[in-house]
1. List every residue whose amide H lies under 5 Å from the amide H of Gln68, counting only residues 5 or more places away in sequence or on a different chain, with H placed 1.01 Å from N in the peptide plane.
2. How big is the antiparallel share of DSSP beta bridges in the chain, given as a percent to the nearest 5?
3. Return the FRET efficiency for the residue pair Thr118, Asp304: r is the Cβ-Cβ distance, R0 is 25 Å, and the value is rounded to the nearest 0.05.
4. Where does the chain land on Rg(C-alpha)/(2.2 N^0.38 Å)?
5. Report the rotationally averaged projected area of the range 179-256 based on its alpha-carbon convex hull, in square nanometres.
6. Quick one: compute the contact order of the chain, relative version, from alpha carbon pairs under 8 angstrom and 6+ residues apart, as a percent.
7. Using the Cα centre of the chain as origin and beta-carbon charges of +1 (Lys, Arg) and -1 (Asp, Glu), tell me which of Gly64, Leu269, Val113 is placed farthest towards the positive end of the dipole.
8. What nm value, rounded to one decimal, do you get for the distance between Arg95 and Glu16 when each label is placed 7 Å out toward the C-beta?
Amino acid sequence: MAETPLPARPSLPPAERPQNPKRPFPYLEQEVMVVNEAQHVTLAGTLTKPKGPGPFPAVLLITGSGPQDRDETLPLDPPPYHKPFLIVSDYLTRRGIAVLRLDDRGVAKSTGVFNSATTADFATDAMAGVQFLAKRSDIDRKHIGLIGHSEGGIIAPMVANLDPSVSFVVLLAGTGLSGDRIFEQQMFYSILAAGRPIREAETSRQVQHRLLEIVESTTDKAEQASKVDDLMGDDKTTADYIKSSLPMLNMPWYRYFFTYDPAPELVKLQIPILALHGSKDTQVDPMQNMPAIQAALTRGKNPDATVRMIPGVNHLFQNCTTGYLAEYATIPETMSPAVLEIVGDWIEKHVK
């Protein structure tokens with residue numbers, strides 16, 4: 001599997017992202033610190049809430065994979081950057097819903113070490129956020145929800161099943177399959193994005209599948225390297241390239257993600273759930289994941305579950321052309337207004 005660089009990203013003139021909200025806001029902002037006592041981590045964040053005494057329904061936003069700040073800022077060139085969670089927070093708070101968003105552990109003002117943590121560790125951070133909200137007199141304890149994007153869509157059901165304070169869940173591009181399946185499909189789309197033929201993308205996906213089988217079969221680095229040599233045969237250049245990726249694939253987060261199956265938590269989930277997917281998502285393929293999520297919710301007989309495809313949007317829920325990662329920065333829109341409205345209407349219905 002030779003490295004295939006993505007095509008150059010089209011340059012954009014430095015212009016404002018039109019959806020980024022500008023002060024003064026018609027609501028209150030409060031800088032907060034959330035303590036995860038179980039893991040000795042302190043998370044910095046922002047609580048936005050409508051003016052007035054409350055109590056207000058509230059949501060906690062849970063970021064996707066990789067070290068993310070509270071706005072889920074995408075550090076794309078040129079600035080200003082897309083800030084999806086800032087957009088979600090502003091939209092929902094204007095509709096009367098308090099929103100808590102947090103810097104990931106080890107990011108910005110939050111303490112802790114990001115690279116040694118797994119999805120299960122991040123779930124304890126989210127639980128601390130829920131408990132923070134539930135203790136506040138200005139928050140309606142009966143109406144606290146979670147909105148998880150991407151990996152956050154794995155975390156949200158885990159937290160909801162552990163904490164009875166959670167009354168509803170929204171999954172934005174959440175997964176329904178184990179991470180190794182997701183990773184293989186991402187490889188497939190990255191090769192297509194580079195302009196390579198579909199047969200090459202399929203071959204690369206198959207090699208990726210066998211590589212992950214090796215990683216999952218043993219933690220012994222020498223054994224992994226030997227198995228890679230056996231896999232690639234005489235292709236030593238590709239074998240050396242693959243072996244160079246082994247340290248990353250053996251990091252705690254990756255090992256957990258590859259083998260974690262989100263279906264059991266989805267089966268257990270008995271509170272209202274809205275799961276949205278973009279039809280052009282190339283990071284969490286809707287054709288893979290939507291049927292798996294729907295099957296798990298059906299198996300669990302969830303009485304209030306909606307799984308819905310949004311046409312023409314990507315992993316960030318931007319209206320797009322290709323859905324490939326290189327396109328994200330070229331799109332002025334941060335998140336489809338129609339998607340924001342769907343989420344806002346659904347939450348409003350469930351907090352009345």
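No lab work stands behind these numbers, since they all come straight from the coordinates. Small disclaimer: the values here were computed from a predicted structure and weren't measured. Using ideal geometry, Cβ is built from the backbone for each residue, glycine included, and neighbour counts are taken over all protein chains shown.
1. So Gln68 has HN proximity to Asp104.
2. Numbers: 15 of 41 bridges.
Counting only bridges with both partners in the chain, antiparallel ones make up about 35 percent.
3. Working: r = 30 Å, r/R0 = 1.20.
Once the sixth-power term is evaluated, E becomes 0.25.
4. Values: Rg = 20.5 Å, N = 352, 2.2 N^0.38 = 20.4 Å.
Working it through for the chain, the quotient is 1.01.
5. Details: hull surface 20.4 nm².
Value for the range 179-256: 5.1 nm².
6. Working: 707 pairs, mean separation 64.6, N = 352.
This gives 18 percent for the chain.
7. Result: Leu269.
8. In this crude spin-label approximation the distance works out to 2.4 nm.
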